[in-house]
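Below is one structure, written out as structure tokens; comments come after it.
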Amino acid sequence: AQSVAQPEDQVNVAEGNPLTVKCTYSVSGNPYLFWYVQYPNRGLQFLLKYITGDNLVKGSYGFEAEFNKSQTSFHLKKPSALVSDSALYFCAVRGLASGGSYIPTFGRGTSLIVHP
Amino acid sequence: DAGITQSPRYKITETGRQVTLMCHQTWSHSYMFWYRQDLGHGLRLIYYSAAADITDKGEVPDGYVVSRSKTENFPLTLESATRSQTSVYFCASSGVVGANYGYTFGSGTRLTVV
């Protein structure tokens, strides 16, 4: 079965500094990887995905993620954090379920707090 | 999110009552999912559906029932609500799984069982 680990419950960063939110995964076959963001009292919003191609994936709101196959990681990054980036971030991997369908498995989430 | 709506937005119910959470999507996506979000657990999959009349259990299906008679609707029923089912419930949908924009989520239903 597939799994996702987000080792940090919370990440604190000063506005203007680079940020990294970590994610590692385990899945059989080629990984389909995703990052989502959740603002308070809202549903999850898609940020970016990796399916194939370049290891550096660019997404919404200036975020990017680096796929590293050897380390089975898919860390989310942004060169310069904004206070408005403060939110809950989820990493997800698509994997094959026992019933033969591909389903996403999400990590526990990392709360990003950007300080002014 | 436009295109996938959940209702009600908030619900308070009593222990032992049956309650149904509704999910409707307008994209004709084949896949639909129900997750619950709890502090410390992230998102856990309850049930999913690959197409109309095809449903399957996820990680935490006990106490829940789903149906999918039409592609666009995927209701989640708590047959006899318990306090442990107090949570925020999210519905999601996807076309070709993993393609394009991944999974699209509704705004959630906050359910409180008293």
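The values are calculated or read from the model by the stated rules, or taken from the named source; none is laboratory data. Computed from a predicted model, the values in this text were never measured in an experiment. Every residue, glycine among them, receives a Cβ derived from its backbone with ideal geometry; neighbour counts consider all protein chains shown. Side chains included, ligands, DNA and RNA excluded: accessible areas come from the protein's heavy atoms. Shrake-Rupley method; radii C 1.70, N 1.55, O 1.52, S 1.80 Å.
Structural remarks
- Fluctuation leader among A:Ala65, A:Ala92, A:Ala81 - chain A, Gaussian network, Cα springs under 10 angstrom: A:Ala81
- Exposed chymotrypsin sites (Phe, Trp or Tyr not before Pro) absent - longest run of chain B, DSSP non-H/G/I/E/B, at most 15 other C-beta within 10 Å: B:28-100
- Cys with no candidate disulfide partner in the protein assembly as shown (beta-carbon separation under 4.7 Å rule): none
- Shown are B:Ile46, B:Ile12, A:Ile113, whose ranking by accessible area with a 1.4 Å probe and every protein chain present, most to least, is B:Ile12, A:Ile113, B:Ile46.
- Share of alpha-carbon pairs per 10 Å distance bin for the protein assembly as shown, given as whole %: 8, 33, 36, 19, 4, 0
- Entry for segment A:3-115 at q = 0.12, 0.14, 0.24 Å⁻¹: log10 I(q)/I(0) = -0.39, -0.53, -1.43, Debye formula applied to identical alpha-carbon scatterers, no solvent contribution.
- For the protein assembly as shown, a simple Cβ point-charge model (Lys and Arg +1, Asp and Glu -1, everything else neutral) yields a dipole of about 160 debye relative to the Cα centre.
- Using only alpha-carbon positions in segment B:1-67, the gyration tensor eigenvalues give semi-axes of 20, 16, 14 Å once each is multiplied by 5 and square-rooted (largest first).
- Ordered from largest to smallest accessible area (heavy atoms of protein chains, 1.4 Å probe), the residues A:Ile103, B:Ile54 come out as B:Ile54, A:Ile103.
- Taking Cα centre as origin and charging only the Cβ of basic (Lys, Arg, +1) and acidic (Asp, Glu, -1) residues, the dipole magnitude of chain A rounds to 240 debye.
- Loop trypsin sites (Lys or Arg not before Pro), segment B:1-108, which have at most 15 other Cβ atoms in a 10 Å radius of their Cβ (DSSP): B:Arg9, B:Arg17, B:Lys70
- For chain B, Kirkwood radius (reciprocal of mean inverse C-alpha pair distance, Å): 14.0 Å
- Each Lys and Arg adds +1 at its Cβ and each Asp and Glu adds -1 at its Cβ; summed about the Cα centre, chain B shows a dipole of about 240 debye.
- Candidates per GluC sites (Glu not before Pro) in segment B:14-114, loop by DSSP, up to 13 other Cβ within 10 Å: B:Glu14, B:Glu79
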